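The values are calculated or read from the model by the stated rules, or taken from the named source; none is laboratory data. In this text, all values refer to a predicted model and were calculated from it rather than measured experimentally. Here the Cβ positions follow ideal geometry from the backbone for every residue, glycine too, while neighbour counts run over all protein chains shown. The area values use the complete protein model at the heavy-atom level, side chains included, leaving out ligands, DNA and RNA. Shrake-Rupley method; radii C 1.70, N 1.55, O 1.52, S 1.80 Å.
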Amino acid sequence: QVGLVESGGGLVQAGGSLRLSCVASGRIFRIMDMVWYRQAPGKERELVASITGESSSFYGDSVMGRGTISRDIAKNTVYLEMKNLKPEDTGIYYCNARIKVTENLPYNGYWGQGTQVTVST
C-alpha cells in the first residue's frame, strides 16, 4: 500500500507565506514526478507546480514567481513554498505522485487527501 499525506495548510493573511509538505509512504520502489494541485470552491482542480525525479520544476501561471517546489528524494517528500499569498490562492491543495512499488511494475498515480489553505484579506 502507498499513501500520500499532505500537511502545512491553514489560515494565512494575504501577503503571507506558507510551506506545504507531502510525504509518500508504504511500499515504494521509485517515485517519478511529484505534483501539487489545488481546487478552489466551485472550480476545477488545477496544477500548481510539479517536479521530476531529476528535480526539474514547472509552475502554473497562477503561482509563477511566488511558488517554489522542491523535493527530498531520501525522505519521499515534496514541498511547496508560496509567498505573497492572495485570497485566490484559497483552496484544497492536493499532492500527486507517480510511484513504482516494485521494479517490474509500471508507475501508478497516487493522490493525497489534501490540505486546506485559506487566505484572508
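For the reader, a short list of remarks on this structure follows.
- In the context of the full set of protein chains, residues of region 73-121 present 54 Å² of accessible surface per residue (probe radius 1.4 Å, heavy atoms only).
- Within region 18-87, the trypsin sites (Lys or Arg not before Pro) that combine a DSSP coil assignment with at most 11 other C-beta atoms in a 10 angstrom radius are R27, K43.
- Within the shell of other residues whose beta carbon sits under 15 angstrom from the beta carbon of S56, the net charge comes to 0, with Lys and Arg scored +1 and Asp and Glu -1.
- Of all accessible heavy-atom area on the chain, the percent that carbon and sulfur account for (1.4 Å): 47
- For region 1-69 and region 81-120, distance of Cα centres in Å: 4
- With a cut-off of 13 Å between beta carbons, the residues surrounding E103 carry a summed charge of +3, where Lys and Arg count +1 and Asp and Glu -1.
- Excluding the site residues themselves, the longest part of the chain lacking any GluC sites (Glu not before Pro) in a DSSP loop with at most 13 other Cβ atoms within 10 Å is 55-102.
- Candidate cross-link partners of K83 among the lysines, defined by an alpha-carbon separation under 25 Å and a same-chain spacing of 8 or more, comprise K43, K75.
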